[in-house]
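The structure appears right after this line, and notes come after that.
The values are calculated or read from the model by the stated rules, or taken from the named source; none is laboratory data. From a predicted model like this one, the values you see are computed outputs, not experimental measurements. No Cβ is skipped: glycine too gets one built from the backbone with ideal geometry, and neighbour counts run over all protein chains shown. Heavy atoms of the whole protein, side chains included, go into the accessibility calculation; ligands, DNA and RNA do not. Shrake-Rupley method; radii C 1.70, N 1.55, O 1.52, S 1.80 Å.
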Amino acid sequence: TLQLLPPEHMLCALASIRGDMRAKMQSALFLAGAAAAQEEAAVVLASFSRACTEVRTSTLLKDVLLEMLRVGNLINAGTARGNALAIDLDSLSKIRTYRADMSEASTRALGAMGLGGMRLRHLSDFIALAVVHRREWTAASR
């Protein structure tokens, strides 16, 4: 008996199929590409799974979202949305539309944090930066 390699097995199987050679070769190319696509999909899915785990377990993200909820409640104080218990993705994207006021007081506040040259454009940037620096200050004071 002949010892065939896997590619030779595939060609042998293709040869036994009736029909024109062009269709057979297109099938072979599709099968060869499918294995590569499956490997690539496995890598992408593993990366996506790691990213989901990071999002679920990130205490920094949780703190930033909680602070954004608090700021949103302050902005919406006195309205039906002023006592929100959670933040949804739509609200999260809307907070990005609030422009940051780069007044003299804001610039001094950034300078006090050691970020004097930084120009923040959005309220969400201020919130995230404040949470990160609060964590750093808390860690440094321990």
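Does at least one position in segment 30-49 carry a residue that is open to solvent by 70 Å² or more (accessible area, probe 1.4 Å) and among the hydroxyl-bearing types (Ser, Thr, Tyr)? Checking segment 30-49: not a single residue is open to solvent by 70 Å² or more (accessible area, probe 1.4 Å) and among the hydroxyl-bearing types (Ser, Thr, Tyr).
Only a single criterion out of (1) among the hydrophobic types (A, V, I, L, M, F, W, C); (2) over 15 Å from the mean Cα position of the chain (by Cα); (3) under 19 Å from residue 129 (Cα atoms) is not satisfied by residue 65, namely (2).
The condition (being touching a residue at least 12 places away in the same chain (Cβ under 8 Å) and open to solvent by 90 Å² or more (accessible area, probe 1.4 Å)) is satisfied by just one residue among 65, 11: 11. Taken over segment 15-29, the residue count meeting the criterion of being among the hydroxyl-bearing types (Ser, Thr, Tyr) and either touching a residue at least 60 places away in the same chain (Cβ under 8 Å) or loosely packed, with under 10 Cβ neighbours inside 10 Å (or both) is 1.
Residue by residue, here is whether (1) touching a His at 6+ places or on another chain (Cβ under 9 Å); (2) under 30 Å from residue 89 (Cβ atoms); (3) in a helix (DSSP H, G or I) holds:
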{"residue": "7", "(1), (2), (3)": "no, no, yes"}
{"residue": "18", "(1), (2), (3)": "no, no, no"}
{"residue": "28", "(1), (2), (3)": "no, no, yes"}
{"residue": "35", "(1), (2), (3)": "no, no, yes"}
{"residue": "47", "(1), (2), (3)": "no, yes, yes"}
{"residue": "50", "(1), (2), (3)": "no, yes, yes"}
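Just to be sure before I move on: is residue 56 exposed (fewer than 12 other Cβ atoms within 10 Å of the Cβ), at pLDDT below 80 and basic (Lys, Arg) in the structure I sent? No; evaluated as a whole, the condition is false for this residue.
Checking segment 72-89 against the condition returns no match, with no residue being acidic (Asp, Glu), at pLDDT 90 or above and open to solvent by 40 Å² or more (accessible area, probe 1.4 Å).
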